[in-house]
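The next block holds one structure in the form of structure tokens; read it before the comments.
The values are calculated or read from the model by the stated rules, or taken from the named source; none is laboratory data. Source: prediction; values computed, not measured. Positions of Cβ are generated from backbone atoms using ideal geometry, with glycine treated the same way; all protein chains shown enter the neighbour counts. Ligands, DNA and RNA are stripped out before the accessible areas are found, and what is left, the full protein with its side chains, is counted by its heavy atoms. Shrake-Rupley method; radii C 1.70, N 1.55, O 1.52, S 1.80 Å.
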Amino acid sequence: MKRTNMGETTDTETRSGSDELIFFVNGKKVVERNADPEMTLLTYLRRKLGLTGTKLGCAEGGCGACTVMLSRYQAHNQQLHHYAVNACLAPLCSLHLAAVTTVEGIGSVARKLHPVQERMAKAHGSQCGFCTPGIVMSMYALLRNNPTPKMSDVQEAFQGNLCRCTGYRPILEGYRSFTMEGGCCGGRGQDGSCCQTNGTRAETDADEATPLFNAADFMPFDPTQEVIFPPELMSLIKSLKPRSLHFHGDRVLWLQPSSLEELVRLKWKHPDARLVVGNTEVGIEVKFKNMLYPVVLAPAWVPELSSVTHGDKGITFGAACSLSCIEAVLTEAVGTLPRHQTEVFTAVLEQLRWFAGQQIRNVAAIGGNIMTASPISDLNPVFMAAGCKLTLMDKDGSRVVPMDNRFFTGYRKTVVRPQEILLSIEIPYSKETQFVSAYKQSPRREDDISIVTAAMSVTFTPGTNVVEDLRLSYGGMAPITVLAKQTADRLLGRCWGEELLQEACSSLAEEMSLDPAAPGGMVAYRRVLTLSLFYKFYLTVQQKLSRQGIRVEGIRSDCLSAVETYHPEPPSSVQVYQAVPEGQMRDDVVGRPMMHLSALKQATGEAVYCDDMPLFENELYLSLITSRRAHARIISIDASEAERLPGVVCCLFVEDIPGSNATGPIEYDETIFADGLVTCVGHIIGAVVADTQLLAQRAAKAVRIQYEDLQPVVTIQEAIAAQSFYQPIRTLQRGDLEAGFKQAHSILEGEIHIGGQEHFYLETNVTLAVPRGEDGEMELFVSTQSASKTQSLVAKALGVPANRVVVRVKRMGGGFGGKESRTTVLSTVVAVAADKLKRPVRCMLDRDEDMLITGGRHPFYGKYKVGFMDSGKIVALDISLYSNCGNSKDLSQSIMERALFHMENSYSVPNIRGTGFMCYTNLPSNTAFRGFGGPQGMMVVESCISDVAQSLGRPAEEVRRLNLYAQGESTPYNQILEEFTLDRCWDECLSRSGYQQRRAAISLYNRQNRWTKRGLAIVPTKFGISFTSTFLNQAGALVHIYTDGSVLLTHGGTEMGQGLHTKMVQIASRVLGIPSSKIHISETNTNTVPNTSPTAASASSDLNGAAVQNACQILVKRLEPYKASNPKGSWEDWVNAAYFDRVSLSANGFYRTPDLGYDFDSNSGRVFNYFSYGAACTEVEIDCLTGAHKNLSTTIVMDVGNSLNPAIDIGQVEGAFMQGLGLFTLEELHYSPEGVLLTRGPGSYKIPAFGDIPAQLTVSLLRDAPNHKAIYASKAVGEPPLFLASSVFYAIKDAVSAAREESGIRGAFRLDSPASAERIRNACIDQFTRKCPAAEPGTFKPWSVQV
């Protein structure tokens, strides 16, 4: 017998002594009698309740794909509280008496859409759609709390959400319509236009259509119509007396006390128990650090731990108060109290602005932040500098300890005793003569882990500038948060002035030293930051003192910008495209901004991705066993412990493969399972198959492998030294290099390293294999761009012909090239397991596994020697390219060839040679990624152009324009440039961006500001369209017309968010002459269209579109006699007439790109079908003291021919640009010297976020530029725009040049990509960098190496 919360007795079967967990999901009551403390809300929603709209993107609260809304009724103040949370971190057991709302609960396509869902879709804010439900729920939670938010509230709500496809602009644009600034005017805007066009109608031509959607079409938003809090739950909460809960799992006991007395008693009994409120730290430790905490104490219901008390000395917060709660309380205090009392509060709020994302701040407790004792905590330095007091308690009583230099005793250790709990923290009011500031420097501004944090507090003798008390606290400079005590003591009693500043900097440089091999790397940068941030504090205090009337040394006006606090501007944007010709039929949707066909389903969570498929009966789950060594022989494998674990069915190794272990997309130089030798960390050795994902993953970690280590090759430089290259070494040459260098007035040599890039598709690799029980048949559901390659490699592994294997692809949650060839490393393993066990087997990689195993964009190292005239005209160029390929060849040869084909970018160089070396290294094989080597090749020549301009002292845009190609010129591979539009793109970009006015304004700004500098750059691109492997330039299509007139369309391309299916339907609609609503695409399937090329190379619309056109034309021809005999009949009449006349209503279409084929040896033949052109101009502002930068403005002009769908094409331009912005300014993969990937998730690897988009973004599709080489005069758009983001990189380099000039340094300098905050700061050489010189390479072992 057991008592339930309702007070009744039941005989319910529960785990021994567990309570019932009661909560509501989308208004329906859920009673869980066996709640597992180790289960997250996300797993429960997806696996137990079948609510798959909520997605798994990272499992660490860093991407927002799993966002749901929690609602709680607080009986003590009778208030409802709605907030967004990460379901991937929320423990199921924490949800007692909560209401959960998922994306399915607010609307559906079948029932009724919620305005948040509809506007997301209709504003073209959903491409692959995997991140869409999370973004929808973040916005929904915001509106539940604030029905008329400001645009800044919307931006803040999205700090914890990532999107890899859209470039964010359309999402913000659609949701602007909910804000106070952006409610739609209903077409009563300027000149009768829609307000959503941002008033840009005046500057565009009459036949240029600007809005991509009409906000007047949106259904109205009525906040009174929202789903109510479940009345049953409310009465349940009101009627219940507080009582403690306990939930028993297999390994963990969850105890939820209801009183402080009970909590301290339990902590005394279980001193090693962890206190969990938001699970934002413990969840990560359990998932990624293999920690196990057998007892968890959940103190959320203890009133004292959630209380807020305003006292005489400050505000005291209970340790379980969430960061959002603290933010709200302190914001109110700052608004009501005298300013001098709120200096500490303002500093805390400044740190909270950039602390994680909204979803984390809503649940993370202040006590957890302190007790985690992270050395890079954002808040602990403030608490230390302010002298906050902590109240600790155990069963014998309480004690108060100050947060000073004695509180942290070692890495993640504090003075708190095991039996004690942290009860509260008192944040003090500041004194009248006290000034406090806090700083945080991280790779990305939003939702990022700090590199260095600092908080500084100074108190002056009243009426003077004499220092009475000084505290300088730093995070990221030691294993603990530290106070710079020696420096502070030296400055006591000193006047706040230049002399104090000099002494402080010298002292800090000495005191804040770091071992060159310190974890986290960036040692010189971190040391410089300690000085730079103090200097910012020094200027800020000077300013405040002078405002108080205290005499201080004059502050130079050119230094003022150094102390400005960053406040993001609400982004504004313009999109320009050519309207369809007058007279185009209304049903003809080609050229119109038609919404992505799946957008509405994606916004409601109804779109089905591979892992959303319901579980098959008898289905099992697979987890991979991977190598922990970069290069080693396998001595032994012991799987006995794993096989004994509950739920484990079997372990698989190389001997279990029925067919061939050899695999690879082109050459079979890889293995499915390692056979005696591992050649990278992440090399797949085996797999465990178990009943559930958790059990399989637990067992995989229990497999013991012994290695004999061999010497690894990790970096390009190591490969060059060891001559570790794949063959062939490619050379592309034209002209007479020697004569060119003799002719040149000057010769310059330079080099640049371009870092790799992780694809970070939101949906990781996933395969579900279902054996069909006879003849070796197997059906696979895979998230892949290459269905046919998956089919052939699975068949090879199973030892069956390809006709026994069917591969089905509904859609992908992003691909970007990462799912072109590397998906097969997982699919083959899963298929082997399913074949052996004759049961369905599923595996979706966790984010950290996916990043570790599947490789990314190739890092490149480029060396160049350039000969040029005094005018800037380049006459000779010799380039060597080295790519880091990893442990197999994969697609590296084609990638290097494309890099060589793009080595001159858009410039006519008469004498040129490029040599490409593919480096074999012991890293996971790198692979295709949007641009496919092109961006790396172009980046090297742009670096060269930039160096030429700097060495001549000429404007870079002048040198670029002088060297641009002209119509009819030929490339180094002897292809004549026809239908050349680059000059038009360039000129339009200059005029739309107001380049000359901007250049003049920047010049003035830079003269007036010492510590912030602005830069400007315009960069062109020329991108060749076609697979460079000629045989891949083919496509097939299959079109069925059914007797009711509906059409089923299948083609060889896959949908990964790029809108390919939408464009194919548009094409079929035009050819068949029927509305697009009659046409449906279900999936891509190897048994409908065989032998397909991968969906890649930007060519899918060209190839598949022409194949669809071919099939539809065949059908139209067959229907012609029936149309002729019944001209007034309907489509259905003609179809039925043909059917009854026994005419086939099914047709295969096929297309091959004509006249392609190139030979490297003779440098002859046609490489590309045509070129896509574009230009982009970007203005940035850098902070010379920290290296942070702001993207102020970007103007893009892109030639996409006659756009098939301007909304999709502009989405592709913006998405590619943002991905390029990540590549060139933000995203850094860190590897240890032993070849271990250190950046394995969104916590450590930063893709661009909402706040990284340019404050002003203009995208213009070039008008009147038909392309006669592709379907309906369109052009490819997926990859070409990516390189335009290098305009951000070169604008940064321009700004850095201005900063260097201030220090008297002129001329060319090396800036590697990405232009991270570290690289920017280190390049801005000044008095602070000189005090912190970097250690000599070779004198220490670095934390990470440049691969």
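Can you name the condition, by its number, that GLU285 falls short on among (1) charged (D, E, K, R); (2) out of contact with any Gly (no Cβ under 9 Å at 6 or more places or on another chain); (3) crowded, with 18+ Cβ neighbours inside 10 Å?
(3)
I need every pair where a residue in the range 367-388 that is of a type outside the set (Phe, Trp, Tyr) has its Cβ under 7 Å from the Cβ of a residue that is in a helix (DSSP H, G or I) and open to solvent by 10 Å² or more (accessible area, probe 1.4 Å), sequence separation at least 6 or different chains.
Close Cβ pairs (under 7 Å, with a partner that is in a helix (DSSP H, G or I) and open to solvent by 10 Å² or more (accessible area, probe 1.4 Å)) amount to SER377/ASN369; LEU379/ASN369.
Here are the criteria: (1) assigned to a helix (DSSP H, G or I); (2) open to solvent by 20 Å² or more (accessible area, probe 1.4 Å); (3) touching a residue at least 12 places away in the same chain (Cβ under 8 Å). Tell me which single one GLU979 does not satisfy.
(1) is the only condition that GLU979 fails.
Can you give me the number of residues within the range 647-672 that are in a loop (DSSP other than H, G, I, E, B) and either under 30 Å from the mean Cα position of the chain (by Cα) or at pLDDT below 95 (or both)?
Qualifying residue count, the range 647-672: 4.
Residues VAL452, VAL523, VAL482, VAL466: which one is open to solvent by less than 10 Å² (accessible area, probe 1.4 Å), at pLDDT 95 or above and at negative phi?
Checking each option against the conditions leaves just VAL452.
Does the range 540-552 include one or more residues that are of a type in the set (Val, Ile, Thr), under 30 Å from the mean Cα position of the chain (by Cα) and either part of a helix (DSSP H, G or I) or closer than 29 Å to LEU1192 by Cα (or both)?
No, every residue in the range 540-552 fails to be of a type in the set (Val, Ile, Thr), under 30 Å from the mean Cα position of the chain (by Cα) and either part of a helix (DSSP H, G or I) or closer than 29 Å to LEU1192 by Cα (or both).
If I ask for residues that are open to solvent by 50 Å² or more (accessible area, probe 1.4 Å), closer than 24 Å to GLY756 by Cα and modelled with pLDDT of 95 or more, which ones from the range 1309-1339 would you list?
Result: ARG1310, ARG1319, ASN1322.
Within the range 860-876, is even one residue assigned to a loop (DSSP other than H, G, I, E, B), in contact with an Asp or Glu (Cβ under 6 Å, 6 or more places away or on another chain) and open to solvent by less than 10 Å² (accessible area, probe 1.4 Å)?
no
Residue check: is LYS1269 open to solvent by 50 Å² or more (accessible area, probe 1.4 Å), touching a strand residue (DSSP E or B) at 6+ places or on another chain (Cβ under 8 Å) and more than 27 Å from THR1239 (Cβ to Cβ)?
Spelling it out, LYS1269 is indeed open to solvent by 50 Å² or more (accessible area, probe 1.4 Å), touching a strand residue (DSSP E or B) at 6+ places or on another chain (Cβ under 8 Å) and more than 27 Å from THR1239 (Cβ to Cβ).
Kindly list, by first and then second residue, each pair from a residue in the range 935-950 that is at pLDDT 95 or above and part of a helix (DSSP H, G or I) to a residue that is polar (S, T, N, Q) and open to solvent by 10 Å² or more (accessible area, probe 1.4 Å), limited to pairs with Cβ atoms under 7 Å and residues at least 6 apart or on different chains.
Close Cβ pairs satisfying both conditions: GLN950/SER1297.
Would you confirm, using the coordinates I've provided, whether ARG913 is touching an Asp or Glu at 6+ places or on another chain (Cβ under 6 Å), open to solvent by 10 Å² or more (accessible area, probe 1.4 Å), farther than 24 Å from THR824 by Cβ and of a type in the set (Lys, Arg)?
Yes: the conditions hold for ARG913.
Report those strands (runs of 3 or more DSSP E) wholly inside the range 1160-1254 carrying at least 1 residues which are of a type outside the set (Lys, Arg), open to solvent by less than 20 Å² (accessible area, probe 1.4 Å) and within 30 Å of GLU979 (Cβ to Cβ).
The strands (runs of 3 or more DSSP E) meeting that bar are 1170-1183, 1189-1198.
Return the pairs, sorted by first residue and then second, in which the second residue is assigned to a helix (DSSP H, G or I), the first residue lies in the range 988-1014 and is among the β-branched types (Val, Ile, Thr), the beta carbons are less than 7 Å apart, and the residues are 6+ apart or on different chains.
Within 7 Å, the pairs are THR1012/SER561; THR1012/ALA562.
Are any of the residues in the range 799-811 within 21 Å of TYR621 (Cβ to Cβ) and of a type in the set (D, E, K, R)?
Within the range 799-811, one or more residues are within 21 Å of TYR621 (Cβ to Cβ) and of a type in the set (D, E, K, R).
Where in the range 52-171 are there helices (runs of 4 or more DSSP H), lying wholly inside it, with at least 3 residues that are touching a strand residue (DSSP E or B) at 6+ places or on another chain (Cβ under 7 Å)?
So the answer is 132-145.
Has the range 713-727 got at least one residue that is under 21 Å from GLY916 (Cβ atoms), surrounded by 15 or more Cβ atoms within 10 Å (Cβ to Cβ), at pLDDT 95 or above and touching a Leu at 6+ places or on another chain (Cβ under 8 Å)?
Yes.
Scanning for something open to solvent by 40 Å² or more (accessible area, probe 1.4 Å) and part of a strand (DSSP E or B), does the range 681-699 turn up at least one residue?
No; the residues of the range 681-699 include none that is open to solvent by 40 Å² or more (accessible area, probe 1.4 Å) and part of a strand (DSSP E or B).
Test ARG265 against the criterion of being at pLDDT below 95 and open to solvent by 70 Å² or more (accessible area, probe 1.4 Å), and give yes or no.
No; evaluated as a whole, the condition is false for this residue.
Only residues that are without any contact (Cβ under 8 Å) to a residue 12 or more places away in the chain and either part of a loop (DSSP other than H, G, I, E, B) or among the aliphatic types (A, V, I, L, M) (or both): list them for the range 389-436, please.
Result: ASP396, VAL400, ARG406.
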